[in-house]
Amino acid sequence: MISRVYHATLFALYQLCIMLGIAAMPLAIAARQAGLTIPVHRVLANVEAAYESAQH
């Protein structure tokens, strides 16, 4: 039961990170033009790795 809750939570977190990444795209583009980077890809990669490792 805990495993299902854990998987569901990771899946929801992964989907939320994707949604936030898409929503932050205009901000990321503006930041890049100003010479800054927003590390959303790192957060997404970490959550994706946790989700995939929980699948196995």
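The values are calculated or read from the model by the stated rules, or taken from the named source; none is laboratory data. A quick note: this is a predicted structure, and the numbers were derived from the prediction, not measured. For the accessible areas, the whole protein counts, side chains as well, though only heavy atoms, and no ligand, DNA or RNA atoms are used. Shrake-Rupley method; radii C 1.70, N 1.55, O 1.52, S 1.80 Å.
In whole Hz and in residue order, list the ³J(HN,Hα) couplings for the range 17-33 that follow from phi through the Karplus curve 6.51 cos²θ - 1.76 cosθ + 1.60, θ = phi - 60°; x for Gly and Pro.
5, 5, 5, 5, x, 5, 5, 8, 4, x, 5, 5, 5, 5, 5, 5, 5
Report the semi-axes of the equivalent ellipsoid for the chain in whole Å, largest first, where each axis is √(5λ) for an eigenvalue λ of the Cα gyration tensor.
Details: eigenvalues 167, 22, 6 Å².
Square roots of five times the eigenvalues give 29, 11, 6 Å.
Starting from the Cα-Cα distance between ARG42 and HIS7, subtract it from 0.36 nm times their residue separation and give me the gain in nm to one decimal.
Working: separation 35, 0.36 × 35 = 12.60 nm, distance 2.03 nm.
Using 0.36 nm per residue and subtracting the Cα-Cα distance, I get 10.6 nm.
Relative contact order for the range 6-56: what is it in percent, counting Cα pairs under 8 Å that are at least 6 residues apart?
57 percent
Calculate, for the chain, the solvent-accessible area per residue in square angstrom, rolling a 1.4 angstrom probe over the heavy atoms of the protein chains.
Spelled out: the 1.4 Å probe surface of the chain, per residue, equals 82 Å².
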